[in-house]
Every structure is written in C-alpha cells, then in structure tokens.
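Asker: After the structure tokens below, expect a handful of questions from me.
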Amino acid sequence: MMLYLRYQVEDFAWKKWGSAEALDAEYERRTAEKKKKKNKKFEQGLKELRKRTKEGLWQRRKDEEHKHLFGELQRGLDGQSQQVCHSCGFTIDVEVM
C-alpha cells in the first residue's frame, strides 16, 4: 500500500489543475456528480417501490374480485323476477317479457 503525505497530494493537484479556482471548480463538479448519482439511485429505488406497491394493489384487487353465480329466476306477482347470487346473496331485478 502506498501512502502519500498531504503536501505531495497538494503538489500533484496544483500541477494537474493549475490554480485554486480550477481546484475549487473540480471539487464542485465532483460534489455535484455525487449528489446527482445519489439522487438517481434514490429515484430508481422509489420507482421500484411504487411499481411493487402498484402491482401488489392491482393483484389484491384482482384476487378480491367476485364473480356472481346467479340461480334460477324467482318470479314475483307483479311480473318482476329476481335472481340471487349463491355466494354473496346479491339480488338483481329482471323483467321477463
């Protein structure tokens, strides 16, 4: 492992970027880049979470969806008939012509 003294690192940086303003600009660029990457990763995770949640809700609603199984027509005195669902007891009025 190679270790460098602070003055060696500073000398190299001065040679590479030339001035204090250029060093500050490079520091700002790197900081902005880190922030951008972190935000992108956060947004990707949030998007994935929304997708999983949305799919979960959709699947749950689909599983809870009920299909009515209506029985025979039950004729009334006034010409109206009713059908009753076997599983939930839901009734509908049907006109017979």
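The values are calculated or read from the model by the stated rules, or taken from the named source; none is laboratory data. Being a predicted model, the structure only gives us computed values, none of them experimental. Glycine also receives a Cβ, built like all others from the backbone with ideal geometry; neighbour counts cover every protein chain displayed. Areas reflect the complete protein model, heavy atoms only, side chains present, ligands, DNA and RNA absent. Shrake-Rupley method; radii C 1.70, N 1.55, O 1.52, S 1.80 Å.
Asker: Name the single residue that is most open to solvent (accessible area, probe 1.4 Å) among those in region 57-67 being assigned to a loop (DSSP other than H, G, I, E, B) and modelled with pLDDT under 80.
Answerer: Pass one, region 57-67, residues assigned to a loop (DSSP other than H, G, I, E, B): 65-67.
With the extra rule that they be modelled with pLDDT under 80, the set shrinks to 65-66.
Details: 65: 98, 66: 83 Å².
Applying the filter and picking the extreme gives 65.
Asker: Looking for something open to solvent by 90 Å² or more (accessible area, probe 1.4 Å), in a helix (DSSP H, G or I), out of contact with any Lys or Arg (no Cβ under 6 Å at 6 or more places or on another chain) and not hydrophobic (A, V, I, L, M, F, W, C) - is there at least one such residue anywhere in region 68-80? Break it down into steps so the answer makes sense when it comes.
Answerer: So in region 68-80, the residues open to solvent by 90 Å² or more (accessible area, probe 1.4 Å) come out as 69, 72, 74-75, 77-78.
Remaining after also requiring in a helix (DSSP H, G or I): none.
So far as region 68-80 goes, no, none of its residues is open to solvent by 90 Å² or more (accessible area, probe 1.4 Å), in a helix (DSSP H, G or I), out of contact with any Lys or Arg (no Cβ under 6 Å at 6 or more places or on another chain) and not hydrophobic (A, V, I, L, M, F, W, C).
Asker: Every residue in region 2-19 that is surrounded by 10 or more Cβ atoms within 10 Å (Cβ to Cβ) and among the aliphatic types (A, V, I, L, M), please.
Answerer: Taking region 2-19 as the starting set, the residues that turn out to be surrounded by 10 or more Cβ atoms within 10 Å (Cβ to Cβ) are 4, 8-14, 16-18.
9, 13, listed by residue number.
Asker: Give the residue that is modelled with the lowest pLDDT, with candidates limited to residues of region 1-56 that are in a helix (DSSP H, G or I) and of a type in the set (Gly, Ala, Ser). Please lay out each step first, then the result.
Answerer: Going through region 1-56, the residues in a helix (DSSP H, G or I) turn out to be 6-17, 20-56.
Subsequent filtering for residues that are of a type in the set (Gly, Ala, Ser) retains 13, 20, 22, 25, 32, 45, 56.
Details: 13: 93, 20: 91, 22: 94, 25: 95, 32: 98, 45: 94, 56: 72.
Within region 1-56, the match that is modelled with the lowest pLDDT is 56.
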